[in-house]
1. Sort the following peptides by mean Cβ neighbour count (other Cβ atoms within 10 Å, averaged over residues), highest first: 20-26, 3-9.
2. Under a point spin-label approximation (7 Å from Cα along Cα-to-Cβ), what is the Y13-H28 distance to one decimal in nm?
3. For T24, which sequence-distant residues (separation of 5 or more, or a different chain) have an amide H within less than 5 Å of its own amide H, given hydrogens modelled in the peptide plane?
4. Using the Cβ atoms and a cut-off under 15 Å, what net charge is assigned to the surroundings of R5, where Lys and Arg are +1 and Asp and Glu are -1?
5. Give me, ordered by chain and number, the residues 5 or more places off T14 or on other chains with an amide H under 5 Å from its own placed amide H.
6. Can you tally the net charge around E16? Count Lys and Arg as +1, Asp and Glu as -1, for every other residue whose Cβ sits under 13 Å from the Cβ of E16.
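Every number in this text was worked out from the coordinates using simple rules, so none of it is lab data. Fair warning: this is a prediction, and the values are worked out from it, not measured in the lab. Every residue, glycine as well, gets a Cβ built from its backbone with ideal geometry; the counts of neighbours run over all protein chains shown.
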Amino acid sequence: MKRMRRCVCCRAYTLEKEHCGRETASPHPPKFTAEDPYAQYRRKGRWSGL
Ligand SMILES: [Zn+2]
């Protein structure tokens, strides 16, 4: 599986590690983040009785 990268300078998608003379970054955020805005409500079960 190829890893698409994105130029932080011109926003172009590329497979190169560098673009516009700058290092490219992965455009895809991690699938599971620690910051789940609803996790605290699920843990408290606050919506279960509604
Ligand atoms: Zn670029």
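1. On the way: 20-26: 12.1, 3-9: 14.4.
So the order, starting with the most tightly packed, is 3-9, 20-26.
2. Roughly 1.1 nm, to one decimal.
3. E18, H19
4. Result for the local shell: +3.
5. R5, R6, C7
6. Once all neighbours under 13 Å are counted, the net charge is +4.
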